[in-house]
Structure formats: structure tokens, C-alpha cells
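Presented below is the structure to which this report refers.
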Amino acid sequence: MDFVMALIYVMLLLLGAFLGAWPALCGRFKRWRKHGVFVLLTTATSIAIWVVWIVMYTYGNEQRNSPTWDDPTLAIALAANAWAFVLFYVIPEVSQVTKATLWEAKAGGSLEVRSSRPA
């Protein structure tokens, strides 16, 4: 029973993250679109990993008639989820944050703060 409740919680969180990424893609702020794509790609991959794991869990327990093999399978699913997060969200976000913007390149690499107020 605890396992089912935890799985429902995880799936609801993934669904919320997946649906929450769509407004960033459809909004008027173009800089948010990249971040929305990263979140969407990460959650879609994570959902696919969990669906495959659920199918393996239910099908494997029917075939083996014992739940002894499902702990390594869960460990593989969690490790795959972690790698999906690192590869599809962390690395692209870090590369976007550290990439020099156009105005930094024009300023010769200095990190000046631009003011939005007229001078």
C-alpha cells in the first residue's frame, strides 16, 4: 500500500512538471522556451522510464511469481532517472547559464550590469 501511494505521488509530480512546462513554450518570453524544453524533455524521459519500470514490475511478477528481482530493477530505474535529469536538465541549464550573452561579448567580456531605466 505504501508503495502504491509513493508511486501515485511520483506520477502526479511528473505530470505536474510535464504540464507546467508547456506554458513556458507557448508564452511570449522567448528566453524561457529553452528552459521549458529542458524541463519537458526531462519529464518526458522520466515518465517513459517509470512506465517501462511499472510494466516490467507487473509483468515480471506475473512471470516469476516472486518479487525478488524487482529491487535491482527499481535501482536501475532510479539510476536511469538520475542520469536523465543530469543529461537533459542539469548540463543544458549549466551551459545556458555560463554562456556569454551578446551584450557581454560587445562589452569585451566585462560583467557590467545594465539598467532598464533611461539615463
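I want to check the label-to-label distance for LYS34 and ILE8. Put each point 7 Å from Cα in the C-beta direction and report it in nm to one decimal.
Simple spin-label model gives 4.0 nm for this pair.
Using the Karplus curve 6.51 cos²θ - 1.76 cosθ + 1.60 with θ = phi - 60°, work out ³J(HN,Hα) for each residue of the range 79-92 in order, rounded to whole Hz, and write x for Gly and Pro.
Taking θ as phi minus 60°, the curve returns 5, 5, 4, 5, 5, 4, 5, 5, 6, 9, 10, 5, 5, x Hz for the range 79-92.
What chymotrypsin sites (Phe, Trp or Tyr not before Pro) in the range 1-65 are in a loop by DSSP, with at most 14 other Cβ atoms within 10 Å of the Cβ? Working shown, then result.
Working: sites: PHE3, TYR9, PHE18, PHE29, TRP32, PHE38, TRP50, TRP53, TYR57, TYR59; in loops: PHE29.
In loop regions of the range 1-65 (DSSP not H, G, I, E or B), the sparsely surrounded chymotrypsin sites (Phe, Trp or Tyr not before Pro) are PHE29.
Specify, per residue and in Å³, the volume enclosed by the convex hull of the alpha carbon atoms belonging to the range 2-96.
Convex hull of Cα atoms, per residue: 84 Å³.
For LEU15 and PHE85 in one chain, what is 0.36 nm times their gap in residues minus the Cα-Cα distance, to one decimal in nm? Mind dumping the intermediate values first?
Numbers: separation 70, 0.36 × 70 = 25.20 nm, distance 1.54 nm.
Full extension from LEU15 to PHE85 adds 23.7 nm.
How high is the relative contact order of the range 2-96? Use alpha-carbon pairs under 8 Å, at least six apart in sequence, and give a whole percent.
Numbers: 54 pairs, mean separation 26.9, N = 95.
Result for the range 2-96 is 28 percent.
Bear in mind these aren't lab numbers, they're just calculated from the coordinates by the rules spelled out. All of these numbers come straight from a predicted model, not from anything done at the bench. All Cβ positions, glycine included, derive from the backbone under ideal geometry; neighbour counts span all protein chains shown.
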